[in-house]
1. Can you pull out the residues in segment 1-12 that are under 11 Å from Ser54 (Cα atoms) and assigned to a helix (DSSP H, G or I)?
2. Can you spot a residue in segment 59-73 that is loosely packed, with under 11 Cβ neighbours inside 10 Å, outside any loop (DSSP other than H, G, I, E, B) and modelled with pLDDT of 90 or more?
3. Can you tell me which residues in segment 13-45 are part of a loop (DSSP other than H, G, I, E, B) and at pLDDT 95 or above?
4. Quick one: in segment 27-39, of everything that is among the hydrophobic types (A, V, I, L, M, F, W, C) and within 17 Å of Ala10 (Cβ to Cβ), which residue is nearest to the chain's Cα centre (by Cα)?
Amino acid sequence: MVIVTTARAARKVSEGWRRRGLTVGFVPTMGALHAGHLALVAASKKRCDRTMVSVFVNPMQFGPAIPGRSPVTEGFSGGPA
């Protein structure tokens, strides 16, 4: 698993994979991971060589982070699906 924290880093990783001839799937999320997201990840893993998942909370949509109130997934370990 590769963890990146910027769009630039994500592009660099995905471009490297594509240069090697690998297909790359992408599952965008807004941070509150649920079974629907995991189903999309599973589908991408079946169809693509690599799968990327974004966990991005848009501050323009949700406002500044408020401890205990931001969309998060309780108990999510951050491990691969």
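The values are calculated or read from the model by the stated rules, or taken from the named source; none is laboratory data. Quick caveat: nothing in here was measured; it's all calculated off a predicted structure. Cβ sites come from the backbone with ideal geometry, for glycine too, and all protein chains shown count toward neighbours.
1. Ala7, Ala10
2. No.
3. Arg20, Gly21, Leu22, Thr23
4. Filtering first and then ranking leaves Val27.
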